Structures are given as structure tokens and as C-alpha cells.
Amino acid sequence: MPSTSSARRSAKMAPPEITFCGDDFTGASDTLATLARGGLKARLYLDPPGPERRAEIEALDAVGVATALRTMPAAEIAIEARRIAERLVALRPRFVHYKICSTFDSSPDIGSIGAAVAAFRQQLDTPMVAIIGGQPSLRRHCVFGTLFAASGDETFRIDRHPVMSRHPVTPMAEADLRRHLASQGLGPIALIDRTLMAQGMGHVRDRLTALRASGVALALFDILDAVDVALVGDVLRREAGPGPLLIVGASSVAEALLAAADNRAREAAFAVPATNGPVFVMAGSRSPITQAQIDAAASFEKVALSPALLGARASGGAFRAASDRCAVLLREGAHVLAFVEDDMEHGHSRLEIAAATAEFAALVAAAARPGCLAIAGGDTASLAIRRLGVESISYLADLDPGVSLCCAHAPDPALDGIRLVLKGGQMGREDLFDRLIQL
């Protein structure tokens, strides 16, 4: 029996059912992978597609846009999110998903979820805003509105998490997501907790009806396990009205919508051709997990980049010399891993270092065209892919939870079709980089 998506496309060209806006590139690519695995034809763009791509869009079930909203000040987020929302609404989707990190790390000043949601609400005639509070597939859980996340073998309340509570830009000091989002201007937010969800679909929908009648349009859903994901997906599909439904959350939103889809396709199988050429890894993230992956990589020529070298790229020949060295090694057939040293005494901002790291990655990739380009760090990935001139990406295969192999689509024939791995700092097993050379 054909899937719902393929039957819809064969009967009539139609708008994509799902659109999503990722607040960083690595997170957006994870949602792309989730939807593609579920049998949907999906594409992730670096800029909202316009009318000139109509035929391409109408053949898709899901359209995503990758952004750098997570790193922007709130005032800039409001402007950019409004622009993206206008384009996404023009596609006439049933669901608009604002994709955020599963740890919800953000602040009123930087990466404000509240500023983005407010901008989207201005453009959408949405019956409600659903906030999905966990992603069990990544060991993130929300219970009674409180967010928990795993680290190693333990699970921590997010404000006591050994990494996220100390995030260098947006440390999570509040575990109650209602309070956390209220500090960013969202509210009032009602909680649909697990005790209500355990009573069944009818009770949840009655609660939502009562909330709307009282003027409360934002609802936070607890998510502890896969059963909760499926139930919330059913709620979302039943609550969607004539206008798009706005949903805020991690890739658990895509998981929920897929779990509740009628006659949805089984997980799709993808044939992945062998990588043709050496692997170049650019590790901009300095998280402990990425550092462990760097330490474990035994098959690479490693090139250490000091923050001082990166910060002085405009005037320093050492920056260009280092990128040239990496390109020469790649052209000679070596696998290369460039990484940013963990040195905080350099006087440059985090975003300055991310921009310089992205420029370094783009220079090397353009000069050597590796068989696979892997970038660790959401900020670095987003900036580097844009600088390379990539227009969109599609999913090829899973490598680890939250880490996918993708294919770049670019007008430059030298870059079109290049393999991409874009991972957040917290994602991937320790041997991830060495496994890339076996693709």
C-alpha cells in the first residue's frame, strides 16, 4: 500500500504538509533526517524558498529552513523570524515547526525562543502554540514541566546538568520550562502533564478547548517516553485547523507527527554510494564530547588552531598558511581533522571565533573538495555551509543519534553532491570521526 505522502503527490501536486525552521544548522539537519527516515520527501534550505522553486517545493512533503537564530540578539531574531515565517506561511503548510535544541538553552538576550515565537505568531492564524518539552530518543525528558537531560550514564535536571548549566553563552539556570520561557516573554503557558495525558485523548482535548476559551493559547506538553510522543502527535494532528498549527520543540515534534500519521511509510531505506575522497573534519565545538571524539580519532592528520590565530585571520598570514596546509594534506589523500584549542585567554568573542572557524572550513573545502566534510558545532556549521554557497541539503543516512550523513546541493559543480556531516557539540559516539572514513 503506498504511503500517505506518495499517494498525495501522485494524486495532485500539493503544498508541503510540514514546514520547519531550525534555530541552528545541526538541529535543523536532525529534523530533516527524522522526517526523511519516516518516509517523507524532505529538503532543508539555507534560505526560505521563493516562487521560483514552486515545482521543486510541490514535490516535497516537508520543507525546512536552517538559520543562525540561536546565536542572534532578540531584536535581530524578531526581524529574521518574521521574514522566514512570511515565506513559510506562503507555502500553505498544515504545520509550522520552530525547531529548537532539545535542551532549550536560550536567554532573553541571545537565542530567545520567546522572540522567535512572537514573530511567528504575528504571521500565523494558529489555533494554539504547542510546546513539546522533551525528546526521549536523545534522552531528554520533561515531567511536570521540568526538563531533564542525560550526560553519560546519568540523567540530570537541566539546571544541574554538568554541561548545559555551564553553557558559555546561554547557561540553563531554570529547569521549569514555563518559568524559563516566561523570562523570554512567553505566557501564560498551561501545562499538559502526564497525569492528564494518562487519562486519554478526550481529556487532553477537553483541556485544550477550555484553555482556548479562557484566552490561554500556549500549552507545554510533558514528554517522558515514546508513548507520550505518539499521543502528543495524535493531539497535534487533531487540533490542527484551517490555518497552520505552530509547534515549538526539538526533533520530537517530527517524531510525534510521524507517529500519528495515517498509513505513513515505514522507515525509508537509503542507498549511500561510497565516499570518493578523503575526509575533512572541522571541530569548532569545544564540548567534552567533541573533545573525546578528537582524542579518539586515530586515522587523521590533526591540525590545532589557536583562538588567537583564528581571531587574527584578517591580518595574519598564519591563518591562510594553516588552511593551505590542510588543503595540501587533503589533496595528497590524507584525512584531516582541524580543531580549535581550548584556550579562553584570547580576547575574542565566541561568535568571532565561530565565524573565523567557519571561514577556515570553507577555505579548505573549496580548495581541496574533500569526499566528506564534517563540522562539529552548530554555529560553525551554519556559517561555513552558507559561506560555501550551499543552497540546500538532503538526507542520506544515520551515523549516530542526532548525527546524519547528508548531501549538499549547490550551484557550484565542484561542491554539488559533497557529503556533509553536521553535528552539535553534544552529539555522537566517541569513535564517530574514524567511522567517517569507512563510509
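The values are calculated or read from the model by the stated rules, or taken from the named source; none is laboratory data. Note that the structure is predicted; figures quoted are calculated from it, not measured. With ideal geometry, Cβ positions are generated from the backbone for all residues, glycine too; neighbour counts draw on all protein chains shown. Quick note on the areas: whole protein, heavy atoms, side chains included, nothing else; ligands and nucleic acids left out. Shrake-Rupley method; radii C 1.70, N 1.55, O 1.52, S 1.80 Å.
Of note:
- Compared with the direct C-alpha span, the chain from residue 407 to residue 321 gains 28.1 nm at full extension, assuming 0.36 nm per residue.
- Here the label points at residue 334 and residue 387, each 7 Å from Cα along the C-beta direction, are separated by 2.2 nm in the simple model.
- For residue 416 and residue 295, the difference between the fully extended length at 0.36 nm per residue and the C-alpha to C-alpha distance is 40.5 nm.
- Accessible area of region 191-254 belonging to carbon and sulfur atoms, whole % at 1.4 Å probe: 55 percent
- Relative contact order of the chain, defined on C-alpha pairs under 8 angstrom at six or more residues apart (%): 18 percent
- Once both labels are positioned 7 Å from their Cα atoms along Cα-to-Cβ, the gap between residue 199 and residue 154 label points is 3.7 nm.
- Relative protection proxy for 144-156, 205-217, from highest mean packing down: 144-156, 205-217 (other beta-carbon atoms within 10 angstrom).
- Sequence-separation-based contact order of region 130-260, relative, with Cα cut under 8 Å and 6+ spacing, percent: 32 percent
- For the listed peptides 325-337, 281-293, 157-169, a ranking on the average number of other beta carbons within 10 Å per residue, highest first, reads 281-293, 325-337, 157-169.
- Sum of side-chain charges, residue 91 neighbourhood, beta-carbon under 11 Å (Lys, Arg +1; Asp, Glu -1): +2
- Equivalent-ellipsoid semi-axes for region 34-160 (Cα gyration tensor, √(5λ), whole Å, largest first): 28, 19, 13.
- Here the sum of -39500 (n - 2.57) over DSSP H runs of 4 or more residues, divided by the residues of the chain, equals -11000 deg cm²/dmol at 222 nm, to the nearest 500.
- Multiplying each eigenvalue of the alpha-carbon gyration tensor of the chain by 5 and taking the square root yields semi-axes of 35, 25, 20 Å, largest first, rounded to whole angstroms.
- Share of carbon and sulfur in the accessible heavy-atom surface of region 281-361 [1.4 Å probe, %]: 50 percent
- Here is the size of region 149-219 from its Cα atoms: Rg then Dmax, 15.7, 44 Å.
- Projected-area mean, region 281-365, by convex hull of Cα positions, square nanometres: 5.2 nm²
- FRET E, pair residue 182, residue 79, Förster distance 22 Å, beta-carbon r, rounded to 0.05: 0.45
- Placing R0 at 22 angstrom, the Cβ-Cβ distance between residue 351 and residue 302 gives a FRET efficiency of 0.30 after rounding to 0.05.
- Heavy-atom surface analysis with a 1.4 Å probe gives region 35-160 a carbon and sulfur content of 49 percent of its accessible area.
- Segment residue 47-residue 144, length gained on full extension (0.36 nm per residue, minus Cα span): 31.3 nm
- Taken per residue, the accessible surface of the chain reaches 39 Å², heavy atoms only and a 1.4 Å probe.
- Helix 25-37 axis, angle to the chain major axis (alpha carbon atoms, nearest 10°): 60 degrees
- Report note on the peptides 58-64, 124-130: ranked by the mean count of other C-beta atoms within 10 Å, highest first, their order is 58-64, 124-130.
- Directionally averaged projected area (region 310-439, Cα convex hull): 8.1 nm².
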